[in-house]
Amino acid sequence: MSSSKSFSAGSACPSLEPGTLRLYSMRFCPYAHRTRLVLAHKNIPHEVINIDLKNKPDWFLEKNPLGKVPTLEQDQRIVFESLICGDYLDQVYPDNGLTPSDPYRQAQDKMLLEMFSQFTSDFHKTTQSAQGITPEGAQKIREHFTRFENTLKDRQGAFYGGSACPSLEPGTLRLYSMRFCPYAHRTRLVLAHKNIPHEVVNIDQKNRPDWFLEKNPLGKVPTLEQDQRIVFDSLICCDYLDEVYPENRLTPSDPYRQAQDKMLLMFFSQFISDVPRAMQSAPGENPEAVQKIRDHFTRFEDTLKDRQSAYFGGQTLQMVDLMMWPWIEQFLMFTKTKPHEHVISVENYPLFLQWAVLMSKSPAVVKCRLPVKDFVGFFKSVLQGAPNFDIGLDE
């Protein structure tokens, strides 16, 4: 069946025939529209169930706790988030493929979508402002379209501000990083785990060099460079490295397992957001924030239980484990150095703590680990408004 009218709270979940692919959608949602376009382009048989996003049915929230569309379902397999859904469909239904085979072109496309997400945000702010379209808002939109125009033009044919960019030897892989950045830490872990030869150039994130902003207009780390090829964003960098250096592979071959890991990282991004609120509050000051952290660790524990494995990625360390570790390492570090009411207890999260012990002994983790005193000193300098990115280097 396919529905035009939306299912809302109190409705019964429509039955789904075995083997049938179902898309939970909303007719006017651009994220769901992405998935509908992929389904149409690849002529994939499917049915559509529209969801009332203001009054969601309980049965839909059981399938996707985030309550968002698009969500795919087939034979008890659930996949959600528009980009994850698109990638999943392109792998499971390879005819009329939509993803380029070249890993660098894949990374370029992902980076373009990363910048496009800022256009999405600016467009909504500009068009939905109570003041109407302001000159500043209109200028932002013009700048986005200039970037789109320049990207199409470019694709035809298929230290401190003021510091000089260090020369890069042909063939050398360079990582632009920041020692205490957990996103850059992700990429350092992958490089270490796969024993990929590379060099590191650390960037002052408060006073970025102009030459770095020319390489990555977002100004963020991690950023990879090799032979005039630029790749940025932690997940994109790590996927790119796993494609270009396939030995000691970190990404599962099963498309559904890939989708599961990506969805887990979506939930984990909320943990990343919630941790600072809990850690920066005095004991007893913000019990709701602390409870959120407990809820996250309960989910991690349940995930390991459901997967029946020592690692989130399976019986051996995988990409998803490395992508989570930098924040977990920092969290565990601060719960030891700053006693707090939300210190994790072995009794409550034994599987998770077993995973943490295994991770802490991983050669890549050991190789990339920084001294606790440097971390503590850096974050103290951040709280004082004068981050010391080079703390500990002169000792």
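The values are calculated or read from the model by the stated rules, or taken from the named source; none is laboratory data. Predicted model only: the values in this text are computed from it and were never measured. Note: ideal-geometry Cβ built from the backbone for every residue, glycine included; neighbour counts use all protein chains shown.
Thr151: modelled with pLDDT of 95 or more and not assigned by TED's automatic domain parsing to the domain that holds Asp321, yes or no? I'd like the intermediate steps shown before the answer.
Numbers: modelled with pLDDT of 95 or more: no; not assigned by TED's automatic domain parsing to the domain that holds Asp321: yes.
In short, no.
Checking each residue in segment 297-343 for being at pLDDT 95 or above, more than 23 Å from Arg249 (Cα to Cα) and not in a helix (DSSP H, G or I) picks out no residue at all.
Cβ-Cβ contacts under 7 Å between residues 6 or more apart (or on different chains), taken from a first residue in segment 124-140 that is not assigned by TED's automatic domain parsing to the domain that holds Pro30 and at pLDDT below 80 to a second residue that is among the hydroxyl-bearing types (Ser, Thr, Tyr) and surrounded by 12 or more Cβ atoms within 10 Å (Cβ to Cβ), are listed as Ile133/Thr126. Pairs are defined by a Cβ separation below 7 Å, a sequence spacing of at least 6 or placement on different chains, a first member in segment 189-209 that is farther than 27 Å from Ser360 by Cβ, and a second member that is assigned to a loop (DSSP other than H, G, I, E, B) and β-branched (Val, Ile, Thr); the pairs so defined are Ile203/Val221.
Would you call Thr146 within 22 Å of Glu214 (Cα to Cα) and at pLDDT 90 or above? Quick ask: steps written out before the conclusion?
Values: within 22 Å of Glu214 (Cα to Cα): yes; at pLDDT 90 or above: yes.
So Thr146 passes the test.
Considering (1) exposed (fewer than 15 other Cβ atoms within 10 Å of the Cβ); (2) at pLDDT below 90; (3) not assigned by TED's automatic domain parsing to the domain that holds Asp295, the lone condition that Lys367 does not fulfil carries the number (2). Looking at segment 10-20, can you tell me whether even one residue there is charged (D, E, K, R) and either surrounded by 13 or more Cβ atoms within 10 Å (Cβ to Cβ) or at positive phi (or both)? No, segment 10-20 contains no residue that is charged (D, E, K, R) and either surrounded by 13 or more Cβ atoms within 10 Å (Cβ to Cβ) or at positive phi (or both).
Taking the stated definitions as given, is Leu66 surrounded by 12 or more Cβ atoms within 10 Å (Cβ to Cβ) and touching a helix residue (DSSP H, G or I) at 6+ places or on another chain (Cβ under 7 Å)? Steps first, answer last, please.
Working: surrounded by 12 or more Cβ atoms within 10 Å (Cβ to Cβ): yes; touching a helix residue (DSSP H, G or I) at 6+ places or on another chain (Cβ under 7 Å): no.
For Leu66, the condition - surrounded by 12 or more Cβ atoms within 10 Å (Cβ to Cβ) and touching a helix residue (DSSP H, G or I) at 6+ places or on another chain (Cβ under 7 Å) - is not met.
Of the listed requirements (1) surrounded by fewer than 16 Cβ atoms within 10 Å (Cβ to Cβ); (2) closer than 25 Å to Phe268 by Cβ; (3) at pLDDT 95 or above, Phe60 misses just one: (1). The single residue among Glu62, Glu47 that is on the phi < 0 side of the Ramachandran plot and touching a Lys or Arg at 6+ places or on another chain (Cβ under 7 Å) turns out to be Glu47.
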